[in-house]
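Quick note: the coordinates plus some simple rules give every number you see, no bench work behind them. Note that the coordinates shown come from a computational prediction; the quantities given were computed from them, not determined experimentally. When we count neighbours, we look across all protein chains shown, and the Cβ atoms used for this are built from the backbone with ideal geometry, even at glycine.
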Amino acid sequence: MTEKPGTILVVDDTPTKRYILGSWLRRAGHDVVEATCGEEALRLVRAISPDSVILDVRLPDIDGYEVCERIKADPLTTAIPVIQISAHAIAVTDRAHGLYRGADAYMAEPIEPEEFIATVQAALRYYRARQRAERMAKRLSELTNVTLQMSASTTFDKLLRVAVEGASQILDRRAGALAVALDGRVRRYAAIEPGGMSRGLGAPDDSLDKVTAATLGTSAGTAEFTMARDEWLGIIPDTDVVSGITAVVSRTRSERPAVVLGVDRSEALDSDELDILKQLGQALALAVDALRAYAEEHMIALTLQRSFLPSHIPPTPGLELALRYEPATDNVEVGGDFYEVMRLGDRLLVGIGDVQGHSLHAATVMAELRHALRALVVEEQDLGRLMGRLNDVLRRYHPSMTATVCLLLIDVASGVVEVANAGHIPPIIVADGKAHYHDWGNLLIGAAPEEYRVDRLRLPGNGALLMFTDGLIEDRDVPLDQSLEVVRRIAESFDRDLEVFCDRLIAHFGAREDDVAVVALRRTG
């Protein structure tokens, strides 16, 4: 096996020896650079990073042992093979000393040309194998990092940007990608320069179908392909590739849209580079599918959650009412937050609650409590007994679950409000520009037998009440009391329009990690 020629640095203070060694190396096809002393050799090693160093042991300034040791001590040059040569230090101890201090080989003169060239070739073979291994290890590390970033991407644009910029950085050439976005349109991202930033671009609607039809057809899997520039221009007319592309098209299932990830074919990819491109293409396909599934599941969950909430709020003369339900921003599973509003003759029943957990089971329990409340209130309008019946329902049918519930029964004409609270955040009462929390109530429902007290208060004309679930105010780094006080201060400046007030309240706390329900009401008489 003949190793590809390289650049060899020959270090010797004797012109005749430099000439002889250099002529042997040149006849073997290598480029030769010469140095006459140790310091000059160290400067050239750092400047040109040769493929190998032929180093005489005896030099006029510093000996070859130290030169070798310094080459091996520098992280930038440590892998360069050093072959030491000597006509004087030829004893076994001399050769062992040279090897101990870093030499990759040690040759005693006189040297046969064939043995010398074979030793150089062997050193080059080792050096280049190490280079390939280190380059591959670096690329695999970068591949792992890019794959993790793709998996963590929460938007389609970020996902494509990470994939394209990652491929461009790892393979050191311009890259691009095609995929069907969540809105059903084909999106394209392209790296501006090798290893640089990327930009989002439009693409013909049939571009991805053309590529897929010519490669995968209707099958799932991953396929590689190359296209000349003119052929690629027929698919993407505004492309700016120089000499065609090498790309992979990947699809996880036959019924799913495929993705394409490719690089400029200015130089052919070796087998390792092509494997990395395939792995990136497969990771991109999986990440696109996961993001699409997440979006679909989130929409289904949100639709399901909203179907559990009241579809109609009865108009009540003399009372303004605004309601909000905001799902958690990053949670696919439905939660147990709910509100309820029912007319009971001249009075209005308003409820808010939160079943523990985030799951379909929590949402189901929430729906059962709402329906139980609507059924029980037909015959029982004493809030204390009503809350006790809800407690019995939860403890009997879902003994492992708990929920917080607050019920208000409002006589709109007189402003008298009855309050029964089972472990929920107390309602805020607003009157004459001042706001305060009502008293904390009894134990939450589902935990134990409990007798629930009923408080009575009077809400004056233009007085207001605010109820909300804990998702509005819970932050990991903020004490609960501090957040409760923030809501109280905001409630002191109720807007004339309750819808505007609810929007302002929710916007103040921003995106939430938990679902949020808000009920705001105000007497107008």
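Here are a few things to note about the model shown:
- Trypsin sites (Lys or Arg not before Pro) restricted to region 188-261 and DSSP loop, no more than 14 other C-beta within 10 Å: ARG253
- Correct option for P(r) over Cα pairs in 10 Å bins from 0, in percent [calculated from the coordinates] among (i) 3, 15, 16, 11, 12, 13, 10, 7, 6, 5, 2, 0; (ii) 3, 12, 15, 15, 12, 9, 8, 8, 7, 6, 4, 2, 0, 0; (iii) 4, 18, 28, 26, 16, 7, 2, 0: (i)
- Hydrodynamic radius (Kirkwood) for region 153-299, which is based on Cα pairs only, to one decimal in Å: 14.9
- When the charge dipole of region 309-523 is built from unit charges on Cβ atoms (+1 for Lys and Arg, -1 for Asp and Glu) and taken about the Cα centre, the candidate among ALA448, LEU360, ALA464 whose Cα reaches farthest toward its positive end is ALA464.
- Between LEU360 and LEU140, the simple spin-label model (points 7 angstrom out along Cα→Cβ) gives 4.1 nm.
- Its relative contact order, with pairs defined as Cα atoms under 8 Å and 6+ residues apart, puts region 376-512 at 23 percent.
- The chain: DSSP helices with Cα axial extent of at least 20 Å and average Kyte-Doolittle hydropathy no lower than 0.5: 156-171, 360-376
- Once you reduce region 152-206 and region 34-80 to the center of their Cα atoms, the two points are 45 Å from each other.
- Here the spin labels are modelled as points 7 Å beyond Cα on the Cα-Cβ line, and at VAL478 and ALA448 they lie 3.3 nm apart.
- Whether region 7-128 is rounded, prolate or oblate, judged on the alpha carbon gyration tensor where a/c under 1.5 counts as rounded: rounded
- Our coupling estimate for region 84-89, obtained by passing each phi through the Karplus curve with A = 6.51, B = -1.76, C = 1.60 and θ = phi - 60°, is 8, 10, 7, 9, 10, 7 Hz, Gly and Pro reported as x.
- Enclosed volume per residue, in Å³, of the convex hull spanned by Cα atoms of region 128-236: 132
- Structural descriptor for region 7-128: relative contact order 23 percent, calculated from alpha carbon pairs under 8 angstrom and at least 6 residues apart.
- Of all DSSP-defined beta bridges confined to the chain, some 80% are antiparallel rather than parallel.
- Here the calculated FRET efficiency for THR155 and VAL416, from their Cβ-Cβ distance with R0 = 41 Å, stands at 0.20, rounded to the nearest 0.05.
- Sparse-neighbour loop sites [GluC sites (Glu not before Pro); region 347-434; at most 16 other C-beta within 10 Å; DSSP]: GLU379, GLU380
- Inter-part distance where region 93-112 and region 420-437 are each reduced to a Cα centre, Å: 89
- Sites matching GluC sites (Glu not before Pro) across region 189-263 that sit in DSSP coil, with at most 13 neighbouring C-beta atoms within 10 Å: GLU255
- Mean Cα-pair separation over length for region 153-299, i.e. relative contact order, pairs under 8 Å, 6 or more apart, %: 22
- Efficiency of FRET from Cβ geometry, SER23 and TYR126, R₀ 30 Å, rounded to 0.05: 0.80
- Share of Cα-Cα pairs in region 309-523 lying beyond 23 Å, as whole percent: 42
- Calculated FRET value between ASP240 and ALA268, using beta carbons and R₀ = 22 Å, to 0.05: 0.60
- Partners for LYS4 among lysines (Cα-Cα distance below 29 Å; same-chain residues under 8 apart left out): LYS17, LYS72, LYS138, LYS278
- Point-charge dipole on Cβ atoms (K/R +1, D/E -1) for the chain, about Cα centre, debye to 20: 600
- Dipole magnitude (debye, nearest 20) for region 153-299, charges at Cβ of Lys, Arg, Asp, Glu: 300
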